[in-house]
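Participant: First the structure, then my questions, so here it is.
The values are calculated or read from the model by the stated rules, or taken from the named source; none is laboratory data. Given the structure is predicted, the values throughout are model-derived calculations rather than measurements. With ideal geometry, Cβ positions are generated from the backbone for all residues, glycine too; neighbour counts draw on all protein chains shown.
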Amino acid sequence: MSQRARNTVFLLIPTLILSIFLGNAVSNAQTSPASTVYVAQMTKPHLPQGNNGGTDDYHCFLIDPKVTQDSLITQVEFQPQQKMLMHHAIMFLVGQKDLPEAIRLDNNGEGWPCFGGMGIGSSFSSFLTSPWLSSWAPGRDKDIMPAGYGTPIAKGDRIVLQTHYNLLMAPPGKVPTDQSRVLITAIPAKGAHLKVLYTDLVAAPVELACPKGITGPLCNRGKSLIDLAQRTSQSTALEAEALNLECGKNPVSPTPSTVSTCDQVIKQNELVVKATPHMHLLGRSLQMILNPGTPGQKILLDRPNYNFDDQSPTILKQPIQIKAGDTVRIICKYDPTLRQKLPILKNLPPRYVTWGEGSADEMCLGVLGVAHNG
């Protein structure tokens, strides 16, 4: 379904968003003559720091790509300076209406903490309803739009780059500063014959109890959510509850399960062109199914052996039409015992794991690249 049509419960939740640092346009001999590459680097180095004993830093930055004309983006390349620390990066467009607030928050390039959202304007009130431009996660290189498609960026638009640093991966001793950059390749919109590609998100709540025989204070769901709010933000805990509500589950006392699932009804006709999975370190498999259990059932995405270090997108060989009223189901499967086995997690206290923004929390998220067609 379109992000604009997502359940209004998310419009009350501040988003996780990110900000990008783009500079002057430069030419690139490997692109077509009509293309321009806009190069952006974070204005100042950022030193990642955890919050209240946490090991994650969500930080947003604003930069002006200096796009001189309405354009269509054909490729985005995020170049992390400290790749080993980077859990993900997301790029969002900022229009003229929200620009003054974004400039204030950015504080001359210092950026701002953005757990639970960047807090700019109603259109940025939820991670799951915000207008994604592009994203990066381990295993991805360049975000190349499928042939015949482009993502719009208007003259004067700016970008917010959200960087999620995972301090569990920091080398012993001093945490290094980061000054990552982004390269955006675009062509003028005027005269272009590209279809516009949008991003839609399909998510499910996560409710993973401590494995049998594993105990600790945070194995209590309520205490785990309080800890989540302290490490990240209050809105993150609210988002964990809201996902249960939207997916027809009990938000106060959900049933824990190693399988997360949610059905979402499509609100408008769309053509699915690509699909990308996102879970964290306990994820084992992820599927997205169109109209499950019907004669017309189709698989949009199938990762039977999910690998956090390979979150590359799947470009559909044949785009799949979805219509208003259709259902998309996402199914994520987890192994909570990995928390006691993986070197990066095994020294952390046992906990009841919910949807959350930390690398030791979890997500069940499918990212669809779609074209609207009536």
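Participant: Which of the numbered conditions does Ile315 fail, given that it passes all the others? Conditions: (1) β-branched (Val, Ile, Thr); (2) over 20 Å from the mean Cα position of the chain (by Cα); (3) within 30 Å of Lys195 (Cβ to Cβ).
Facilitator: Ile315 satisfies all of (1) β-branched (Val, Ile, Thr); (2) over 20 Å from the mean Cα position of the chain (by Cα); (3) within 30 Å of Lys195 (Cβ to Cβ) except (2).
Participant: Additional query: Can you tell me which residue within the stretch 168-199, out of those that are among the polar types (S, T, N, Q) and assigned to a loop (DSSP other than H, G, I, E, B), is surrounded by the most Cβ atoms within 10 Å (Cβ to Cβ)?
Facilitator: Taking the stretch 168-199 as the starting set, the residues that turn out to be among the polar types (S, T, N, Q) are 177, 179-180, 185, 199.
Filter once more, keeping what is assigned to a loop (DSSP other than H, G, I, E, B): 177, 179-180.
Details: Thr177: 13, Gln179: 14, Ser180: 23.
The qualifying residue surrounded by the most Cβ atoms within 10 Å (Cβ to Cβ) is Ser180.
Participant: Can you name every residue in the stretch 264-283 that is closer than 28 Å to Arg339 by Cα and either assigned to a strand (DSSP E or B) or at pLDDT below 95 (or both)?
Facilitator: Residues satisfying the conditions are Ala275, Thr276, Pro277, His278, Gly283.
Participant: Looking at the structure I just gave you, is Pro211 touching a residue at least 24 places away in the same chain (Cβ under 8 Å), surrounded by fewer than 18 Cβ atoms within 10 Å (Cβ to Cβ) and either more than 18 Å from the chain's Cα centre (by Cα) or at negative phi (or both)?
Facilitator: Working: touching a residue at least 24 places away in the same chain (Cβ under 8 Å): yes; surrounded by fewer than 18 Cβ atoms within 10 Å (Cβ to Cβ): yes; either more than 18 Å from the chain's Cα centre (by Cα) or at negative phi (or both): yes.
So Pro211 fits the description; yes.
Participant: Which residue pairs have Cβ atoms closer than 8 Å, lie 6 or more positions apart in sequence or on different chains, and pair a first residue in the stretch 152-167 that is surrounded by fewer than 18 Cβ atoms within 10 Å (Cβ to Cβ) with a second residue that is part of a helix (DSSP H, G or I)?
Facilitator: Short answer, once both residue conditions are applied: Gly156/Gln96; Leu167/Leu85.
Participant: Regarding the stretch 61-79, can at least one residue be identified that is hydroxyl-bearing (Ser, Thr, Tyr), more than 16 Å from Lys155 (Cα to Cα) and in a loop (DSSP other than H, G, I, E, B)?
Facilitator: Checking the stretch 61-79: not a single residue is hydroxyl-bearing (Ser, Thr, Tyr), more than 16 Å from Lys155 (Cα to Cα) and in a loop (DSSP other than H, G, I, E, B).
Participant: Under 8 Å between Cβ atoms, at least 6 apart or on separate chains: pull out the pairs that start in the stretch 238-259 with a residue that is under 14 Å from Ile330 (Cβ atoms) and end on any residue that is among the small types (Gly, Ala, Ser) and not in a helix (DSSP H, G or I).
Facilitator: The qualifying pairs are Leu243/Ala203; Leu243/Ala204; Cys247/Ala204.
Participant: Residues that are modelled with pLDDT of 95 or more, within 22 Å of the chain's Cα centre (by Cα) and under 22 Å from Pro138 (Cβ atoms): does the stretch 224-243 have at least one?
Facilitator: no
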